[in-house]
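K.L.:
Would you mind keeping the following structure in view while I ask a few things?
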Amino acid sequence: MPTEQTEHFKQKLLDLRGELLQRVENLDADKKRKYGALNADFEEQASQLENDEVVDALDDMERSELSQINRALVKIQQNKYGTCENCGTTISEKRLEALPYASKCIKCSSSDED
């Protein structure tokens, strides 16, 4: 992959990582009840605790995405970015634009879902 394209994707990954880190920070604040303790009303507490489960799931998703972004940034440093980790072919630029931390080409990714 040409250096100019690699730099473009590196910047995309860094921007995305920055956004995700901010979201994770906000989710952590919610989990620690930084914005207020549980409500005294029992029904409201039940609702807040239900929301905690959603926050935990979102946090897990964000952290997983961060991990994938960090792996992609390492691949850039190793000059392996844009290569399918399964079959070794080049991942299409279109796919990388949509999912800059993609580690597999569309064919291998699709076959994993079958």
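K.L.:
Nearest 0.05, what FRET efficiency do residue 111 and residue 29 give at R0 = 35 Å with Cβ-Cβ as r?
P.N.:
Between residue 111 and residue 29 the formula returns 0.30.
K.L.:
Amide H neighbours of residue 83 under 5 Å, at least 5 residues apart or on other chains, H built in the peptide plane: list them.
P.N.:
Residues meeting the amide H criterion: 91.
K.L.:
At 7 Å along Cα-to-Cβ for each site, give me the label-to-label distance between residue 52 and residue 21 in nm.
P.N.:
Here the modelled spin labels are 2.9 nm apart.
K.L.:
Further question on the same structure: Which entries in the list 10/80; 12/107; 12/32; 10/32 go over 21 Å, if you measure between the two C-alpha atoms of each?
P.N.:
Beyond 21 Å between Cα atoms: 12/107; 12/32; 10/32.
K.L.:
Figure the gain on full extension for residue 71 and residue 4 (residue separation times 0.36 nm, minus the Cα-Cα span) and round it to one decimal in nm.
P.N.:
In short, 22.1 nm is gained.
Computed from the coordinates by the stated procedures, all read-outs in this text should not be read as laboratory data. What you see is a predicted model, and the numbers here were worked out from it, not measured in a lab. Glycine also receives a Cβ, built like all others from the backbone with ideal geometry; neighbour counts cover every protein chain displayed.
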